[in-house]
Amino acid sequence: MTLAHKIEDYLIHNQYPSLIKYMGSKSKIMDFILDGINQVYDGRAVCDLFSGSGSLAGALGQQCVVHSNDIQNYSRVLADTYNKAYFENDMPNADEIIIQAEGLVLQHRIEFNLNYDKGISLKSFNRIENKQKKLIDHKFNYKWHLFSKNYSGTWWSYEQCLWIDALRQVAEKYKNKPYYSVILSSLMFGMAYASQGTGHYAQYRDAKTQSSLKDILLYRTRSIKGYFIRKYEEITNYIPKSPILMPHRSTSLDYRECLEVFEGGTVYADPPYCFVHYSRFYHALETLVLYDFPTLQIQRGNIVKGRYRESRHQSPFCIKSQVQRAFIDLFEGMKTSNSNMVLSYCNTGMITIDELYKICKAVLPNKTIELLTTDHQHMTLGRREDRQRDVKECLLLIF
């Protein structure tokens, strides 16, 4: 059984919306990935084991049952937007949400001199930024202030954080609605495109030169509200007008736990390739979804500049001493769930493709293993000369 003819038609006529900036996103090589899935697909569900930005759910969700999984909770929300969200008559339009949020912004705003005029001096700008950063010690007298407290003057200005908090509070009113994820995803989009960082949240930039100041000012003056409206309207037009009949599933489990509950089919696995942990790069999105006022990481008595959550997931695929065991567990789990697999990896990963093949063959001696490759540029989301890196993207087909 194949999805090929359906996939081609779907990608031409039903392009799914992009929700966030994401390192390692496979959207640009989705046709390559779908070709690999087609070669092992057997008609049962597809499990996207490390779903990240949820792009596979967007590509396949209207054609087959998709189980989207990622240990990060924000990923579950993104997958829900693609695969579970639908329009209801009581779904508020963008203006209705903005009116509610604006009321909260006006109610809670602390007066700051946030004059980000183009002619502002480097010294004056940093004075304004430092004043906002001190809000981390401020005692707020209302509940929904997490971003205003922890992130003002970092990736976002206080005014932008005020809107993030307000829109998050409004979203919570619709938590049990099928369009809840649409509101949160639209907010994540706004956060990404108003952030003065490089597309992720590892560390925000400091204005040290006139050049960096000029660039940061472009983002300080961007409107969370405007980006939210743009994406919310786009997603509203994208989601179906009635409940989705396919029993799609979204989970936030460790990959081993997910394989234990997956009832079998085709597993698409796109684990991290290198030493960087995604929980470091996207901790702000995780905090937005959980809104749990996490303890921030401390180093030498001070809060770490990145303002990371103290408890962050550390993937074994990113740790040299653990990566081989992680792949053994992956293949063992695939065997237990009686599944086929398409495994994405690249020639610059933590282990070589040859090592990966040998591990797979040792765990699954009776399986057929084939290799597909394509040239690809990994997005590092940096602003320097290494923003894109040429790699050989590989698909290991196991069936």
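The values are calculated or read from the model by the stated rules, or taken from the named source; none is laboratory data. The shown structure was predicted, so the numbers you read here are calculated from the model rather than taken from an experiment. Note that we place each Cβ from the backbone using ideal geometry, even for glycine, and neighbour counts take in every protein chain shown.
Remarks
- In the set LYS134, LYS143, LYS139, only one residue is free of Cβ contacts under 8 Å to residues at least 60 places away in the same chain, surrounded by fewer than 19 Cβ atoms within 10 Å (Cβ to Cβ) and part of a helix (DSSP H, G or I); that residue is LYS134.
- Residue match in region 197-204 (condition: polar (S, T, N, Q) and modelled with pLDDT of 95 or more): no
- Residue selected from region 1-37 under the condition outside any helix (DSSP H, G or I) and hydrophobic (A, V, I, L, M, F, W, C), by the criterion modelled with the lowest pLDDT: MET1
- Residue check for SER53: part of a loop (DSSP other than H, G, I, E, B) and buried (at least 24 other Cβ atoms within 10 Å of the Cβ): yes
- Those helices (runs of 4 or more DSSP H) of region 176-287 in which at least 3 residues are of a type in the set (A, V, I, L, M, F, W, C), farther than 30 Å from LYS118 by Cβ and touching a strand residue (DSSP E or B) at 6+ places or on another chain (Cβ under 8 Å), considering only elements entirely within it, cover 255-261.
- Among the candidates PHE317, PHE331, residue that is over 19 Å from MET23 (Cβ atoms) and not assigned by TED's automatic domain parsing to the domain that holds ASN150: PHE331
- From the list LEU78, LEU60, the one residue that fits, being under 22 Å from MET341 (Cα atoms) and either crowded, with 20+ Cβ neighbours inside 10 Å or modelled with pLDDT of 95 or more (or both), is LEU60.
- Matching residues, region 89-107, being exposed (fewer than 13 other Cβ atoms within 10 Å of the Cβ) and not hydrophobic (A, V, I, L, M, F, W, C): ASN89, ASP90, ASN93, ASP95, GLU96, GLY103, GLN107
- The conditions of being at pLDDT 95 or above, aromatic (Phe, Trp, Tyr) and not assigned by TED's automatic domain parsing to the domain that holds LEU217 are not met by PHE147.
- Residue list for region 314-324, filter: farther than 30 Å from ASP137 by Cα and either surrounded by 13 or more Cβ atoms within 10 Å (Cβ to Cβ) or touching a residue at least 24 places away in the same chain (Cβ under 8 Å) (or both): SER315, PRO316, PHE317, CYS318, ILE319, LYS320, GLN322, VAL323, GLN324
- For region 108-131, filtered to residues that are free of Cβ contacts under 8 Å to residues at least 24 places away in the same chain and among the polar types (S, T, N, Q), the residue that is farthest from HIS283 (Cα to Cα) is SER121.
- Flag if GLU263 is among the acidic types (Asp, Glu) and touching a residue at least 60 places away in the same chain (Cβ under 8 Å): yes
- All positions within region 269-313 that are surrounded by fewer than 18 Cβ atoms within 10 Å (Cβ to Cβ) and of a type in the set (D, E, K, R): ASP292, ARG300, LYS305, GLU310, ARG312
- Restricting region 367-381 to residues that are more than 30 Å from SER337 (Cβ to Cβ) and loosely packed, with under 14 Cβ neighbours inside 10 Å, the residue that is modelled with the highest pLDDT is ASP375.
- Test set (1) in a strand (DSSP E or B); (2) modelled with pLDDT under 90 - ARG384 fails condition number: (1)
- One residue stands out among those in region 166-175 that are assigned to a helix (DSSP H, G or I) and charged (D, E, K, R): the one that is nearest to TYR86 (Cα to Cα), which is GLU172.
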